[in-house]
Amino acid sequence: MDSCLIFSGNSNKNLAENICKYLNKEIGKINIYRFKDGEICVKIEENVRGKDVFVIQSTCPPVNENLMELLIILDALRRASSKRITAVLPYFGYARQDRKDQPRVPITAKLIANLIVSAGANRILTMDLHAPQIQGFFDIPVDHLFAAPIVISYLEEKVFDKLVVVAPDVGGVKMARAFAKRLDASLAIVDKRRESPDKVEVTHVIGEVKGKKVIIVDDMISTGNTIIEAADILIKGGAIEVYGCASHAVFSEDTIEKLNNSNLKEIIITNTIPHLSLPPKFKILSVSSLLGEAIKRIHLETSISSLFI
Ligand code: R5P
């Protein structure tokens, strides 16, 4: 691993440090500062010429700041003659705008993919994309990891019986089915309609949840409305305990309080997005060893497929 270098933007330094700890490496020296008007300035403080370089940056809130920082770091690394640059995006923001679902709207996920490639990325390492097809928005290799192995190991320790895994909407069925298979649980689906970006309507549950313990799985929690409304309807339908889990905690201002006061017994998230202090109802699982192992294998050019299990 000596000939590879790992840099981090400001979005999730703690995760980057833990990835480096896993790899037994020092984090690369970089100076990121801002001009008085807010422009970002980057200086790579060590030689990267001919090196295999990784840049860790989640494009989480403040999304535009973190994205711009990533693009500028990539540009600096490319112009400093790095041999290969992998953008490590534990959370890829703007992924929800992945298709034209009404006239005159952009496909922002594709725009962001273009920007990242134009800035200098030669490969992408990411996790739980909102839609797996986003891999195809990049015309460079994409390694797409899942937090599922880590979340499932945690859930297995809890030893549930009569368990049902619930998809909070039709888009989440594939993910929920994979969890249900691994946990030997049955599957249910909540019928959710999104009325506006911040408003959802949940009407009924497809599947049997009465007298069962239930785990809702989703790729992300943002306002919390989806998972909270799903929990409410599941409790109404007779579920005895409802757990929520999501790979990306893209919380907005009042999400933590809303989740804390909700019907959810526990909320299981990962550290793809940093959260300093959360109430005891939240369990944060670390994905640093998974990302670290993937970085190691990409650098050593060995297979990463066993990391999906
Ligand atoms: C939707 O398709 C996603 O998988 C999530 O369910 C959604 O983005 C969660 O958003 P919120 O927490 O704002 O309801």
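Miscellaneous remarks
- Pair-distance profile P(r), taking every C-alpha pair of the chain, with 20 angstrom steps and integer %: 33, 55, 12, 0
- Backbone HN-Hα couplings from phi across the stretch 182-192 [Karplus 6.51/-1.76/1.60, Hz, Gly and Pro as x]: 5, 9, 6, 10, 8, 10, 9, 10, 9, 8, 10
- Proxy reagent accessibility, fewest Cβ within 10 Å first, across C41, C4, C60: C41, C4, C60
- For the stretch 129-285, with +1 on Lys and Arg beta carbons and -1 on Asp and Glu, the positive-most of N260, V170, I235 along the dipole: I235
- 5 angstrom amide H check on C4, placed H, neighbours 5+ away: none
- By average C-beta atoms within 10 angstrom, highest first, the peptides 28-36, 295-303: 295-303, 28-36
- Residues T203, T108, T270 arranged by fewest to most Cβ contacts within 10 Å: T203, T108, T270
- Charged side chains reduced to their Cβ positions (Lys and Arg at +1, Asp and Glu at -1) give the chain a dipole of some 440 debye around its Cα centre.
- On Cα atoms only, tilt of 148-157 relative to the major axis of the chain in degrees: 50 degrees
- Helix-only CD estimate at 222 nm, as mean residue ellipticity for the chain, using -39500 (n - 2.57) per DSSP H run (n ≥ 4): -9000 deg cm²/dmol
- Using a simple spin-label model with pseudo-atoms 7 Å out from Cα toward Cβ, I309 and V63 lie 3.7 nm apart.
- When each of M127, M175 is scored by the number of other beta-carbon atoms lying within 10 Å, the sequence from fewest to most is M175, M127.
- The stretch 89-218: antiparallel DSSP beta bridges as a percent of all, rounded to 5: 30 percent
- Size of electric dipole in the stretch 227-303: Cβ of Lys, Arg +1 and of Asp, Glu -1, about Cα centre, debye, nearest 20: 220 debye
- Taking the DSSP beta bridges with both ends in the stretch 148-285, the antiparallel portion is around 20 percent.
- In Hz, Karplus ³J(HN,Hα) per residue of the stretch 216-225 (6.51, -1.76, 1.60; θ = phi - 60°; x = Gly, Pro): 8, 10, 8, 6, 8, 10, 10, 6, x, 4
- From phi via Karplus (6.51, -1.76, 1.60), per-residue ³J(HN,Hα) for the stretch 73-83 in Hz, x at Gly/Pro: 5, 4, 4, 4, 5, 5, 6, 8, 6, 4, 6
- Computed about its Cα centre, the charge dipole of the stretch 148-285 is approximately 380 debye, with only Lys, Arg, Asp and Glu carrying charge at their Cβ.
Every number here is computed from the coordinates shown, using simple stated rules; none is lab data. What you see is a predicted model, and the numbers here were worked out from it, not measured in a lab. Neighbour counts are summed over all protein chains in view; Cβ atoms, including those assigned to glycine, are modelled from backbone coordinates with ideal geometry.
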